[in-house]
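Let me begin by presenting the structure, written as structure tokens, before commenting on it.
The values are calculated or read from the model by the stated rules, or taken from the named source; none is laboratory data. What you are looking at is a predicted structure, and each value in this text was computed from that prediction instead of being measured. Cβ coordinates were reconstructed from backbone atoms using ideal geometry, including for glycine residues, and neighbour counts include every protein chain displayed.
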Amino acid sequence: MISFAIIGRIVQRNLLRSANMVAMIDHDCHHSILCLESSNFLHSSSRQLHSESSKKRQNLLLTKRRFSNHVHYNQIQLEPCPNSFQANDAIINILDTKDRSKKPDWKKLVFGQHCSDHMIEIHWNQNEGWQTPRIVPVHPFCLHPFAKVFHYAPEIFEGMKAYRGLDGRIRIFRPELNMKRMRLSAARVCLPDFDGQQLMELIKKLLIIDGEWVPPYESKASLYIRPTMIATDEALGVSPTTKSILFVVTGPVGPYFSTGFKPVSLLADPKYVRAWQGGSGDRKLGSNYAPTMLVQREAIKQGLQQVLWLYGPDHELTEVGTMNIFMLMKDTNGKRQLITPPLTEGLILPGVTRQSLIELIRSQNEIEVIERVITMAEVKQLLAENRLLEMFGSGTACIVCPIGQILFEKQLLNIPEHEFTLKLFKELLDIQYGIKEYGDWVQIIGSA
């Protein structure tokens, strides 16, 4: 028979594993030190846990982590990477005008189907560090079949956009947050660290060279930017990489969903889980996305468009497809609140759009924004009490996307439609296209 003391130690150990981790990168740029960041979830002693019934212990833990008002990026401190590549050293090889690709019809863009003319390419190896960055015509890579990325998936990426404003100038939206997140992702899978500001300077150079690929303002399209890093060492074996390639490609995109700005329908099936405590769901790794494709296909088979990812016995809402999720509701006093799941569990990717919406809405002092756990039971109760106003997803690709229906345990839940989601969508787009100024969220590329 296992004693309560042993159970207490096991619970404590698992709680520690699930704590937030902040990556502190050392100056060699290829080792990472993970430091635990304490949260309220850790403050229950083993004596407190094993002195109560199992149900009460579960409720205690849920309560301890139910409420959080942390803004993830503001808490993360990364050490500089002095041995990174330098943007000013870049070797640039530009195609002749006659050799450039024909631009697509801006009004008929399909997401992810068109690639611009040039790319950034930077190689790294353990002995020599980062090599000279290059901006070159887009070309295939030639990799050995033993390349580590093919076998163990050490790969990370980011998603960013460049927008052409009404004034014709090109803008990018809060790129420093993407760079911070990419460095944290690299640390999670033992890829080399780099200087985010230097990569941003290279991306700005690339956008100037391929500026014609940024769609005009009237099209309401944008240029998608995909920084990526892969492990390329030619050896089998699960171990940190000794060679890698960091590259950036771009391409014009239209709406992420073919239906445009319309409510999406979701499959919420508890048997499928996207991420778990102590895992890597809070990092932008390619390996997090491949397992979701099967569930996405299952949703489509059932006549739905996306997946609502649930977690745990309480069916906690975590993400929508590849988006963060928000719920607008009224409390028992009729006061409006915007709820989104917390980042403290490591279950959710800390979205740049998510953080921007939280900061934007809080600055308006009209609606209280709360980061806490949302369960399907609560969603159903709020619908029954007419206190659920609307739900939406957020992300770089879609910006903001309303949720219309959720299929959960063979019951189709109809989510009300209101103007709040559309208002947020237009407000954020106005900032991204330069129609409205908001702090230093937008960086302008090139001269006027």
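Can you spot a residue in segment 239-250 that is at positive phi and either aromatic (F, W, Y) or free of Cβ contacts under 8 Å to residues at least 40 places away in the same chain (or both)? Among the residues of segment 239-250, not one is at positive phi and either aromatic (F, W, Y) or free of Cβ contacts under 8 Å to residues at least 40 places away in the same chain (or both), which makes the answer no. Just to be sure, is D233 acidic (D, E) and in contact with a Phe, Trp or Tyr (Cβ under 9 Å, 6 or more places away or on another chain)? Yes, satisfied.
Residue by residue, here is whether (1) in the same structural domain as V379 (by TED's automatic domain parsing); (2) polar (S, T, N, Q); (3) buried (at least 17 other Cβ atoms within 10 Å of the Cβ); (4) not in a loop (DSSP other than H, G, I, E, B) holds:
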| site | (1), (2), (3), (4) |
| --- | --- |
| W276 | yes, no, no, no |
| E298 | yes, no, no, yes |
| G303 | yes, no, no, no |
| L308 | yes, no, yes, yes |
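Regarding M229, is this residue part of a strand (DSSP E or B), under 21 Å from the mean Cα position of the chain (by Cα) and in the same structural domain as W106 (by TED's automatic domain parsing)? Judged against the criteria, M229 is a match.
Residue by residue, here is whether (1) small (G, A, S); (2) under 28 Å from I91 (Cβ atoms); (3) in contact with a strand residue (DSSP E or B) (Cβ under 8 Å, 6 or more places away or on another chain) holds:
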{"residue": "L184", "(1), (2), (3)": "no, no, yes"}
{"residue": "R188", "(1), (2), (3)": "no, no, yes"}
{"residue": "G196", "(1), (2), (3)": "yes, yes, no"}
{"residue": "L199", "(1), (2), (3)": "no, yes, yes"}
{"residue": "K220", "(1), (2), (3)": "no, no, no"}
{"residue": "P227", "(1), (2), (3)": "no, yes, yes"}
{"residue": "V273", "(1), (2), (3)": "no, no, yes"}
{"residue": "Q277", "(1), (2), (3)": "no, no, no"}
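Of everything in segment 389-445 that is out of contact with any Gly (no Cβ under 8 Å at 6 or more places or on another chain) and among the polar types (S, T, N, Q), the residue that is surrounded by the fewest Cβ atoms within 10 Å (Cβ to Cβ) is Q411. Number of residues in segment 110-129 that are of a type in the set (V, I, T) and either more than 20 Å from L199 (Cβ to Cβ) or not assigned by TED's automatic domain parsing to the domain that holds F194 (or both): the value is 1.
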